[in-house]
Structures are given as C-alpha cells and as structure tokens.
Amino acid sequence: MRLAALESLKQLAVADTLTPLLDLASRAKTESERVPVLEALSAICLASPDKEQSTRQVLAAMDRLPAAERRHLLPLLSELGTQAALTAAQTASQSVEPALAREGVRALTQWPNAAAAPTLLDLARTSADPTLQLLALSGCITVAEQEADLAKRFDLLQQAMATAKRPEEKRQALGPLGQIPTVTALQIALAQVTDPSLANEAGLAAVSIAEKLAGANPKLADEAAVQVLAHCQSADTLKRAWVLRRQPNITAPFIRDWLVCGPYRPARQPPELEAVFNVEFGPEKPGETRWSWKPLPRGDQANLGVYFPRPE
C-alpha cells in the first residue's frame, strides 16, 4: 500500500506534497525505502510551477541532514535547474566527502541547460580523482549540447576536446561538434581524422559540417571530402564524402540532347530481367546501319517511360 501510494503521488506530482516527502526521504534507512520516495520527489520537482520555492524547500531539507546523507537529495537539484540549485550542486561537487562530491558531479551532468558545463570542465581539469575527471568531462560535453549560442557551444566543445585524454571522450565531443557549421569546427574535426581511433567519428563530423558549408564554399567542402575519403572507413560517411567531391563541378554542363532507338525485345524472355543487359540488340551490333535514331526534346533528362510505354 505504501508503494502504491508513492506511485500515485509520483503521478499526481502535487507541489504541496514536496515537504512531507522530503521528510520521509530524510528518515529512510535503506535504499528500498528511499528510492520510491525520491522518484516521487523527482516528478514533483520537475513539474513544480514555482521552482525557486521548491529549491528552497529541497535545500532546507538538505541542510538538516549530515553531509554524508545529503547526496541522496542532490539529483533533485537537476530537476529544478535554478541558480540556487546550481550553486548547491557545485558546492557538493567540490566536497571532501567522496560520495557527496561524486553525486554532486552526477547532478551537474544531468543539468537541464548548459550552465553547469564550465564547472564540469574545471573539475575535469583539476580533480585529483580520475573517475571524477572522466565523469565531469563526459557530463560537460553532454550539457554543452544544450547551449543555444553556437559560439559558446563551440568554445566548450573545443576545450573539452583539448582536455580529453582518451579517445572515448574525444569521440563523444566530435558528435555535437559536427552540428556547428563553421570553418573552425571543420578544421578541428579534420585535425582528428588522421587518428585511426577517431577517424570514423571525425570523418562524420567533418562531412556533416562540410555539407552545410558547401553552398558558400564548395572548394573547402571538396578539400574536406578528400581528407575524409583518405582516412575514414565508414561506408555511409564515404558515400556522403563522394557526393561532396562532385559538388564543386555541379555547375558543369549536362547532356541535354538525346537520341533514342527502339524499343527492342529479346527473342526469348530471359528468366531474370538483368540478363537483358547482356543481350545485343540491333544498334549495339557492329556494322548494323538499318536502325534509325530519333531525337527527343532537349532537356536535363529523358523520360523513356513516356516515349516507350509498357505494353498492356
């Protein structure tokens, strides 16, 4: 009955239940008791019409707890996303209490906007805990994607790339970098394409950027495609790179004058349609002169279906 009641409170997400549920979470002795309460609290914080007031309630409940126990309520701060909540999460992430610091970083990695990215980047650079460093850097890249200002987003991702020591984090940063259509972002992606451990992700990022820049700078897109074709192994990315290679010549003249002859049918219908390609018809036979070619209207393409409709 207790679990059913908590599930109902989670579905209702009524703001008035926040304080009593915080008290209940504070008194919980085991994870099995605490988790359903925290799930209800998370739903309430997310749906709160007054996130500033809800933040004050959560922070007041945290202040009543010993430092080691505050970590259980930290995930609620990322659901609220206020400045006061951010400050509290930042403070927790720098705690000397390892468990509290770890949960503080986790809360920042779940932040609903990019405001937590600078703190995470700083932690990735300065933390003495390697696990915390990796968690912070990965979280920085994740929340940086929510930055609406492309210049600021690029700056965060560029710094994350420079901070990353492992291919995994660099690959993670290359994904969102590929969504920033600037020459500088393209240069960074191409700088990584020669690294075999990053070639496919860097190639995809480079092609994605080059496609957006091709209209204004086809030469640059062609140069990027050449590098991607030389180092990338992903079939889909290579196809896109080949398309970019052709774009610089897209204004070259096309065939516009067409001649047709036929239609022709084999004496005996082959079992597979593709087999017709290997059958020589009159105009394809050497020395044949009795076949007449007819001009079609000038145009970029010839629709043979119009001139040679299928027989009923």
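I'm trying to understand the selection: among the residues of the stretch 95-107, which are over 20 Å from Leu46 (Cα atoms), open to solvent by 70 Å² or more (accessible area, probe 1.4 Å) and part of a helix (DSSP H, G or I)?
Across the stretch 95-107, the qualifying residues are Pro98, Arg102.
Being β-branched (Val, Ile, Thr) and in a helix (DSSP H, G or I) is the filter; apply it to the stretch 36-89 and report the residue that is most open to solvent (accessible area, probe 1.4 Å). Working first, answer last.
Going through the stretch 36-89, the residues β-branched (Val, Ile, Thr) turn out to be 37, 44, 55, 58, 82, 87.
Restricting the remaining residues to those that are in a helix (DSSP H, G or I) gives 37, 44, 55, 58, 87.
Details: Val37: 1, Ile44: 2, Thr55: 2, Val58: 0, Thr87: 65 Å².
That would be Thr87.
For the condition surrounded by fewer than 19 Cβ atoms within 10 Å (Cβ to Cβ) and within 30 Å of Glu69 (Cα to Cα), what is the one hit in Ala128, Ala117, Ala92?
Being surrounded by fewer than 19 Cβ atoms within 10 Å (Cβ to Cβ) and within 30 Å of Glu69 (Cα to Cα) holds for just one of Ala128, Ala117, Ala92, which is Ala128.
Of everything in the stretch 136-153, what is open to solvent by less than 30 Å² (accessible area, probe 1.4 Å) and hydrophobic (A, V, I, L, M, F, W, C)? Give them in sequence order.
Narrowing the stretch 136-153 to residues open to solvent by less than 30 Å² (accessible area, probe 1.4 Å): 136-137, 139-141, 143-144.
Within the stretch 136-153, Ala136, Leu137, Cys140, Ile141, Val143, Ala144 meet the criteria.
Which of the residues spanning the stretch 250-293 are at pLDDT 70 or above and within 30 Å of Ala221 (Cβ to Cβ)?
Ile255, Arg256
State which residue is surrounded by the most Cβ atoms within 10 Å (Cβ to Cβ) when the search covers only the stretch 208-221 and only residues that are farther than 18 Å from Gly175 by Cα and touching a helix residue (DSSP H, G or I) at 6+ places or on another chain (Cβ under 9 Å).
Of the stretch 208-221, the ones farther than 18 Å from Gly175 by Cα are 214-221.
Now drop any that are not touching a helix residue (DSSP H, G or I) at 6+ places or on another chain (Cβ under 9 Å), which leaves 214-215, 217-221.
Numbers: Ala214: 20, Gly215: 9, Asn217: 15, Pro218: 18, Lys219: 10, Leu220: 18, Ala221: 26.
Looking at the filtered set, the residue picked out is Ala221.
Just one of Ala191, Ala224, Ala164, Ala160 is free of Cβ contacts under 8 Å to residues at least 40 places away in the same chain and surrounded by fewer than 17 Cβ atoms within 10 Å (Cβ to Cβ); which is it? So that I can check it myself, show each step before the final result.
On the way: Ala224 fails: surrounded by fewer than 17 Cβ atoms within 10 Å (Cβ to Cβ); Ala164 fails: surrounded by fewer than 17 Cβ atoms within 10 Å (Cβ to Cβ); Ala160 fails: surrounded by fewer than 17 Cβ atoms within 10 Å (Cβ to Cβ).
The unique qualifying residue is Ala191.
Taking only the stretch 108-136 into account, find how many residues are in contact (Cβ under 8 Å) with a residue 24 or more places away in the chain and not in a helix (DSSP H, G or I).
Going through the stretch 108-136 one residue at a time, the tally reaches 5.
Which numbered condition trips up Leu24, out of (1) assigned to a helix (DSSP H, G or I); (2) loosely packed, with under 14 Cβ neighbours inside 10 Å?
Against the list (1) assigned to a helix (DSSP H, G or I); (2) loosely packed, with under 14 Cβ neighbours inside 10 Å, Leu24 comes up short only on (2).
The values are calculated or read from the model by the stated rules, or taken from the named source; none is laboratory data. No experiment lies behind these values; they were computed from the predicted model shown. Positions of Cβ are backbone-derived with ideal geometry, glycine not excepted, and every protein chain shown enters the neighbour counts. For accessibility, only protein heavy atoms count, side chains too; no ligands or nucleic acids. Shrake-Rupley method; radii C 1.70, N 1.55, O 1.52, S 1.80 Å.
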